[in-house]
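**Q** One structure, as structure tokens, below. Some questions next.
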Amino acid sequence: MSLKIYNTLTSRLEEFVPIDPPKVSIYTCGVTVYDDSHVGHARSLIVFDCLRRYLEHLGYRVLFVRNFTDIDDKIINRSKEENTHFMNISNRYIASYYQDMEELNIKPADVEPRVSEHIPEIISVIQKLIDLDYAYEANGDVYFKVRKFNSYGKLSCKDPEELQAGARIEPSENKKDPLDFALWKSAKAGEPSFDSPWGPGRPGWHTECVAMIFKHLGESIDIHGGGLDLTFPHHENEIAQAEAITNKPFARYWVHNGLVTVNGQKMSKSLGNFITIKEVLSKYDPDVLRLLVLFTHYRSPLDFSWDKMEESKRAYRRIKDAIEGLSQLRALEKTKDQEVGLLQLLEKTRQDFFSALSEDFNTPEALGAIFNLVSAMNKVKTESIQRGNISENTLKEYSECVNFLEKTLRGVFGLFEKQGKERQLSQREELGFIELLISARESARSSKDYKTADLIRDGLRSLGIALEDTPLGTRWQRV
RNA sequence: GGCAACGUGGCCGAGCGGUUAGGCGAGGGACUGCAAAUCCCUUUUACGGCGGUUCAAAUCCGCCCGUUGCCUCCA
């Protein structure tokens with residue numbers, strides 16, 4: 001199946017055709033590691049994780065690179081505050097980031113380069129730009145000549161003339177032109193620095209990605225992604241540097257995810273309205289956040305709220321219930337009746353699901369198809385349980401639906417992957433106690449001692465274990 | 001100020017020329033000892049405003065109003 005994807009560079013939907021199929025190279029801008037990551041980062045990570053999984057599902061061989069910015073002003077400030085080496089700060093938050101990634105079930109990138117480990121490559125890019133007269137050195141700084149690159153602004157639809165007019169750039173004495181941006185920043189006294197032909201300093205923000213892409217993926221890549229807020233100036237500046245050197249398109253498809261907002265305003269450190277991934281995961285299953293992200297088209301803004309997490313949690317349970325219904329149905333008496341036609345709907349669901357994804361990775365529409373199937377499955381489930389039996393054919397069809405859900409949602413959306421692990425992690429004793437309490441309650445119920453029964457149910461509920469009495473016995477699950 | 005998006009039913013959120021999106025919530029019913037979960041029914045002209053194009057517009061065009069993002073570090 002073909003994929004159409006919105007390309008920021010052309011401002012339109014385009015057929016996805018990689019440079020060298022079946023290989024697909026993807027680079028996304030990672031985080032600056034000076035603090036814990038927040039929900040905005042999580043969205044970007046989840047979106048590109050799913051896009052990558054989808055491309056792999058389509059049969060592409062994806063090479064995925066995501067960087068760490070482990071040296072910059074904010075990291076330096078933080079290290080000053082704590083009076084420690086900047087690497088201690090970046091290492092700490094890289095560890096924190098990996099912990100979040102693991103919990104969120106984000107597939108690791110194939111290469112996860114760090115700026116501090118790519119200084120020679122970065123210097124080489126800068127040197128090339130100087131040699132080509134696209135950059136100049138001034139008092140230990142190096143700047144890129146924006147006006148010399150004549151397609152500057154093509155990604156973000158900006159006109160250099162208008163940029164200058166509205167720019168709020170502080171007067172920077174070393175720049176020949178206020179539009180120019182720093183490729184290398186000379187170190188101030190006491191700042192960590194790296195040696196360079198222009199003296200001690202550190203890379204500007206934009207060169208790292210160019211140097212890393214050149215090194216790990218080549219001069220032209222298929223997809224370059226990141227948050228919408230990176231379009232300008234970051235990605236625009238990457239294009240300027242890379243294409244000034246190679247004279248080739250830097251990336252074929254520029255893919256940007258919409259931002260996460262809180263009460264309509266962008267979630268950001270500076271506004272202080274951010275919610276860390278850790279905070280969310282302390283309250284919710286990581287899958288619930290994943291589902292919330294997928295419930296909004298990746299290019300639209302996503303307004304985060306705890307109410308939405310609750311909604312997402314309920315929706316998530318609905319799918320889970322349909323999947324887990326299989327084991328309940330298996331326990332029923334089998335008959336030889338005719339089938340119910342779930343297979344037809346399954347086929348339609350499969351088609352709708354993938355055709356939604358092929359149209360600009362429309363995950364909300366794809367989920368719509370999933371929920372249509374889920375409803376039909378629950379209907380079959382309810383009727384069968386109430387009737388007390390199920391035909392072998394129906395069971396087989398239901399089982400195929402579960403198969404599809406598990407395989408697709410796991411493979412493409414990365415959902416339901418942690419279930420097994422979670423079970424392993426649970427203590428045996430804990431499970432034993434729960435089962436024991438359930439049988440004690442069963443015994444109370446059969447002697448109509450509902451007071452005791454409810455005491456046990458309410459007690460477990462307050463410990464996060466919900467009980468459900470079904471005609472097939474009592475089920476429990478964590479809430 | 002410049003540039004770019006966006007405004008859909010109680011809320012969220014797809015659709016982007018004609019045919020049920022979907023989720024959450026609310027009300028009623030079935031099931032239950034009571035619940036929970038699930039199912040059934042209801043939530044009867046949803047598409048910011050005003051014009052225009054068309055046999056037909058939420059969907060295309062124009063203007064207006066409102067919200068947001070970028071122009072400074074930011075996923």
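**Q** Given a Förster distance of 45 angstrom, what is the FRET efficiency for A:Asn88 paired with A:Glu310, based on the Cβ-Cβ distance and rounded to 0.05?
**A** Once rounded, the FRET efficiency stands at 0.70.
**Q** Hey, another quick one. At 222 nm, what value in deg cm²/dmol follows for chain A if DSSP H runs of at least 4 each add -39500 (n - 2.57) and the sum is divided by all its residues, to the nearest 500?
**A** -15500 deg cm²/dmol
**Q** Also, I was wondering about something else. Roughly how many nanometres apart are two label points built 7 Å out from the Cα toward the Cβ at A:Ser2 and A:Trp476?
**A** Taking the two extended label points, one gets 5.5 nm.
**Q** Follow-up question, since we're still on this one. Under a straight-distance cross-link criterion of Cα-Cα below 25 Å, which lysines are reachable from A:Lys145, leaving out those fewer than 8 residues away in the same chain?
**A** Output for A:Lys145: A:Lys128, A:Lys154, A:Lys158, A:Lys175, A:Lys176, A:Lys185, A:Lys188, A:Lys215, A:Lys248.
**Q** Okay, moving on. What angle, in degrees between 0 and 90 and rounded to the nearest 10, separates the Cα long axis of helix A:86-104 from the longest principal axis of the Cα atoms of chain A?
**A** The angle comes out at about 30 degrees.
**Q** Next question, about the same structure. Once you have a ≥ b ≥ c as the square roots of the Cα gyration tensor eigenvalues for region A:7-294, tell me rounded if a/c is under 1.5, and otherwise prolate or oblate according to whether a/b is larger than b/c.
**A** oblate
**Q** Relative to the present Cα-Cα distance, how much length would full extension add between A:Asp229 and A:Gln351 at 0.36 nm per residue of separation?
**A** So the extension gain works out to 40.5 nm.
**Q** Find the accessible area per residue for region A:305-416; the probe is 1.4 Å, ligands and nucleic acids are left out, and the unit is Å².
**A** In whole numbers, region A:305-416 has 47 Å² accessible per residue.
**Q** On a 1.4 Å probe surface of the protein chains, which of A:His57, A:His297 comes out largest in accessible area, and what is the full order?
**A** A:His57, A:His297
**Q** If you don't mind, another one. Using the heavy atoms of the protein chains alone and a 1.4 angstrom probe, what is the accessible area of region A:426-478 per residue in square angstrom?
**A** 68
**Q** Also, I was wondering about something else. Just tell me which lysines come within less than 22 Å, Cα to Cα, of A:Lys313; anything on the same chain fewer than 8 places away is out.
**A** Cross-link targets: A:Lys278, A:Lys283, A:Lys379, A:Lys381, A:Lys407, A:Lys418, A:Lys421.
**Q** Also, I was wondering about something else. Keeping the other protein chains in place, figure out the carbon and sulfur percent of the accessible area of chain A, with a 1.4 Å probe.
**A** Exposed carbon and sulfur together represent 49 percent of the surface.
**Q** Using the crude model of +1 on Lys and Arg Cβ and -1 on Asp and Glu Cβ, and no other charge, please compute the dipole size for region A:7-294 relative to its Cα centre, in debye to 20.
**A** The dipole magnitude comes to about 300 debye.
**Q** Once label points are set 7 Å from the Cα along Cα→Cβ at both A:Asp20 and A:Glu359, what is their separation, rounded to one decimal in nm?
**A** 3.5
**Q** Only bridges with both residues in chain A count here: give the DSSP antiparallel percent, nearest 5.
**A** DSSP beta bridges in chain A are roughly 50 percent antiparallel.
**Q** Further question on the same structure: Keeping all protein chains in the complex and leaving out DNA, RNA and ligands, what accessible area do you get for A:Trp306 with a 1.4 Å probe, in Å² to the nearest 10?
**A** Only protein atoms counted, so the area is about 80 Å².
The values are calculated or read from the model by the stated rules, or taken from the named source; none is laboratory data. This structure is a prediction, so every number in the text was calculated from the model and none was measured. As a convention, Cβ positions derive from the backbone with ideal geometry for all residues, glycine included, and neighbour counts pool all protein chains shown. Just so you know, the surface numbers come from the protein's heavy atoms only, side chains and all, with ligands and any DNA or RNA stripped out. Shrake-Rupley method; radii C 1.70, N 1.55, O 1.52, S 1.80 Å.
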